[in-house]
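Reviewing the structure listed below.
What follows is calculated from the coordinates using simple rules that are stated; it is not laboratory data. Computed from a prediction, not measured in an experiment: that's the story for all the values here. When we count neighbours, we look across all protein chains shown, and the Cβ atoms used for this are built from the backbone with ideal geometry, even at glycine.
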Amino acid sequence: MHSIGIIGGTGYTGKKLIQYLTLHPFIKDFQIYAKTTAGENLHEIFPDLDGYVDNLQIKSIEDISYEHDLYFIALPHGEALKYVPILTSKDKYVIDLGGDYRLDFEELYIQWYKYTHTSPYLLKEKVYGLADHPSTNYTEIKLISNPGCYPTAVLLSLLPIIPDFSDKIISVSCIAYSGTSGAGKSSRADLLLSEMYGNVKAYNINDHKHEPEILQQLYKNGFHSPFSFTPHLLPSARGIYTTSSIHLSEEIKKENIEEIYKSVYQSPFIRLRNNPPELQWVIDSNFCDISISLKGKVLIVTAAIDNLVKGASGQAVQNMNKLFGWDETSGILPARRKELKYVSVHS
Ligand SMILES: NC(=O)c1ccc[n+]([C@@H]2O[C@H](COP(=O)([O-])OP(=O)(O)OC[C@H]3O[C@@H](n4cnc5c(N)ncnc54)[C@H](OP(=O)(O)O)[C@@H]3O)[C@@H](O)[C@H]2O)c1
């Protein structure tokens with residue numbers, strides 16, 4: 001049985017971590033650390049958890065205990081740099097939900113995150129924890145960098161075809177949508193209900209931190225074509241939806257593509273759909289629903305996830321499960337699905 005520290009446990013992703021760790025069969029206890037809410041009780045911050053989770057007192061991050069086995073870090077960008085090197089030097093396991101360790105190169109981090117990186121040696125030591133993809137290797141690691149929410153959906157939907165078809169891909173255009181909780185709990189005028197209700201808008205075009213993260217992983221798998229990423233905000237709190245249009249130099253068979261996706265994904269959390277997925281199918285779950293559509297030389301892949309679960313805390317707990325060799329669904333899914341197959345949805 002393991003003890004867990006949740007650093008930044010009072011935010012949106014922290015709350016999901018608390019819910020999963022409470023249900024987890026191999027976790028004996030956890031402690032929540034934060035800054036402004038230190039000293040408050042959990043039920044004051046999340047009254048809806050009363051009756052499910054003990055009314056723990058939030059501890060100050062200044063009084064962090066080094067007795068936990070693993071630490072989830074759910075802090076704003078730049079803050080994890082203060083804690084990750086100390087924890088890894090004490091031989092602790094760390095899963096960082098933020099972006100501070102996702103990019104492999106210090107220069108890229110400075111360019112996109114605008115901070116100096118104080119532990120660049122860890123950028124190479126970390127493992128990028130795309131939990132459902134078979135290339136993620138959990139042996140002999142201490143630090144997992146949990147993927148961003150957009151990259152999770154984009155990479156899970158695109159990676160399977162890259163190794164076999166990279167030479168046939170002319171370009172990829174990815175249009176992506178996020179609910180407003182993607183920006184965390186802090187107040188921002190542009191995310192107010194009165195601004196976003198009934199509204200949709202593109203933002204950070206060609207300037208989103210997740211674009212270099214997506215490209216880094218695509219390049220590692222052999223991708224070498226032009227790629228565009230256009231994020232949009234949705235008038236909803238939760239969810240990530242991505243539609244990637246892949247222009248090919250020659251026609252390929254849909255059955256071949258479907259077989260590739262089926263053979264790549266053994267994960268119980270990937271559902272391959274015959275119809276484009278809907279956000280409501282995945283909200284509050286750790287599933288990533290993917291569908292492909294092929295017409296001539298254009299392949300369109302759509303994917304849907306919950307940004308706070310598959311795009312953050314669900315995937316983080318899944319990463320912990322795989323790191324410790326536990327059933328990857330522990331704490332996240334009540335029962336394992338039996339086999340992966342295409343599901344037809346009739347309207
Ligand atoms: N939201 C998403 O959909 C999503 C998805 C994937 C990844 N992420 C990443 O996960 C991380 C957490 O995101 P979130 O949405 O949960 O953020 P959030 O809702 O804003 O929560 C941030 C947490 O960090 C604490 N905190 C803030 N500044 C701190 C400081 N200087 N020292 C100590 N604690 C501090 C806050 O606690 P107090 O205010 O109580 O001190 C709160 O618990 C971010 O890096 C984010 O990019 C988020």
Tilt relative to the chain, helix 12-23 - C-alpha long axis, 0 to 90 degrees, to 10: 80 degrees
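Test of understanding: ordering Phe324, Phe269 by Cβ neighbours within 10 Å, fewest first, what list do you get?
Listing Phe324, Phe269 from fewest to most nearby Cβ atoms yields Phe324, Phe269.
Run lengths n ≥ 4 of DSSP H only: what is the helix-derived mean residue ellipticity at 222 nm for the chain, with -39500 (n - 2.57) per run over all residues, to the nearest 500?
On the way: 11 runs with 85 residues, N = 347.
The helix-only estimate for the chain comes to -6500 deg cm²/dmol at 222 nm.
Among 82-88, 64-70, 157-163, how do they line up from the highest to the lowest mean number of other beta-carbon atoms within 10 Å?
Details: 82-88: 19.3, 64-70: 14.9, 157-163: 22.1.
Packing order, densest peptide first, comes out as 157-163, 82-88, 64-70.
Once Rh for the chain is found with the Kirkwood sum over Cα pairs, what is the Stokes-Einstein diffusion coefficient at 10 °C and 1.306 mPa s, in µm²/s? Before the final figure, lay out each step's value.
Details: Rh = 20.7 Å.
Answer from the Stokes-Einstein relation: 77 µm²/s.
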Stretch gain in nm, segment Ser3-Thr116, where the contour uses 0.36 nm per residue and the Cα spacing is subtracted: 37.5 nm
Whole-number percent relative contact order across the range 150-306, with pairs defined as alpha carbons under 8 Å at least 6 apart: 31 percent
Cα coordinate range in the range 20-86, projected on the principal axes (Å, largest first): 36, 29, 20
Calculated SAXS-style log₁₀ I(q)/I(0) at q = 0.09, 0.15, 0.17 Å⁻¹ - the range 23-174, Debye, Cα scatterers: -0.38, -0.95, -1.13
Residue with peak Gaussian network fluctuation, the chain [Cα springs, cutoff 10 Å], from Cys174, Cys288, Cys149: Cys174
Sequence-separation-based contact order of the chain, relative, with Cα cut under 8 Å and 6+ spacing, percent: 17 percent
Residue exposure sequence - Thr116, Thr10 - by fewest surrounding Cβ within 10 Å: Thr116, Thr10
Global form of the range 150-306, assessed from the alpha-carbon gyration tensor, a/c cut-off 1.5: prolate
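Between Glu259 and Trp281, what FRET efficiency follows from the Cβ-Cβ distance if R0 is 30 Å, with the result rounded to 0.05? Can you show the working numbers first?
Numbers: r = 23 Å, r/R0 = 0.78.
FRET efficiency, Glu259 to Trp281: 0.80.
If I take every Cα pair under 8 Å that is 6 or more residues apart in the range 168-259, average their sequence separation and divide by the length, what percent do I get for the relative contact order? Spell out each step's value before the answer.
Numbers: 126 pairs, mean separation 52.8, N = 92.
Relative contact order of the range 168-259: 57 percent.
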Mean-position separation - Cα centroids, the range 204-241 and the range 72-145, in angstrom: 19 Å
Amide N proximity, the range 151-180 versus Glu250 label position 7 Å along Cα-to-Cβ, cut-off under 14 Å: 165-170
Set of the range 70-93 residues, backbone N closer than 14 Å to the point 7 Å along the Cα-Cβ line of Lys28: 70
Among Thr152, Thr180, Thr136, residue whose mean-square fluctuation peaks in a GNM of the chain (springs only between Cα atoms under 10 Å): Thr136
Two-site label geometry, Glu140 and Lys35: point separation in nm, points 7 Å out along Cα→Cβ: 3.7 nm
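Can you put Trp281, Trp112 in order of Cβ neighbours within 10 angstrom, beginning with the fewest? Spell out each step's value before the answer.
Working: Trp281 13, Trp112 19.
The most exposed by this proxy come first: Trp281, Trp112.
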Crossing angle, helix 314-323 versus the chain [Cα axis fit, 0-90 degrees, rounded to tens]: 80 degrees
GNM result for the chain, Cα springs below 10 Å: residue of Ile290, Ile305, Ile252 fluctuating most strongly: Ile252
Per-bin percent of Cα-Cα distances, the range 191-230 [10 Å]: 25, 36, 23, 14, 2
